[in-house]
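What follows is a set of notes on a single structure, which appears directly below.
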Amino acid sequence: MRVTQHVDGTTHRRRHMDRQQILDLYVWAYGVCFRHPVKGVVPTVLVGVVHPRANGERQVRACDDCVIALEDIKREQAARDGGTYQPGSLGEHADQPNQGR
Ligand SMILES: [Zn+2]
């Protein structure tokens, strides 16, 4: 019998911030992603609220892929504008509990 020894120390590579670390910054709830409605109901993050004229308010929710994509955009924007990239702030202005429902 042969014992293979794997040195399994830190397989965790961090380039900038790990995908999972970014996702962990958010509160997840089931919903439909605004870019991937075909996925159906999946874990999503509230990233914004739109106010259609007809009916009060509509939440914009994003799935994990979209959250990462949006964070990437924010990071690039921050780099271009010389601003500070702060992960975990998507939809921070919309981050309220469901009121009046
Ligand atoms: Zn999506």
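Each value in this text was obtained by applying a stated rule to the coordinates, not by laboratory testing. If you're wondering where the values come from, they're calculated on a predicted model, not measured in any experiment. In this analysis, Cβ positions are derived from the backbone assuming ideal geometry, glycine residues included, and neighbour counts consider all displayed protein chains.
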*Name the long-range amide H neighbours of ARG61: under 5 Å, sequence gap of 5 or more, or other chain; modelled H, no Pro or chain starts.*
PHE34, VAL47
*Taking 0.36 nm per intervening residue step and subtracting the Cα-Cα distance, what contour gain separates MET17 from ALA69 on full extension?*
17.4 nm
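How high is the relative contact order of the stretch 19-81? Use alpha-carbon pairs under 8 Å, at least six apart in sequence, and give a whole percent. Numbers along the way, then the final one.
Working: 81 pairs, mean separation 17.7, N = 63.
The value is 28 percent.
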_If I model a spin label at VAL41 and SER89 as a point 7 Å from the Cα along the Cα→Cβ vector, what separation in nanometres do I get?_
3.3 nm
_Charges at C-beta only: +1 for Lys and Arg, -1 for Asp and Glu. How large is the resulting dipole of the stretch 19-81 about its Cα centre, in Debye rounded to 20?_
240 debye
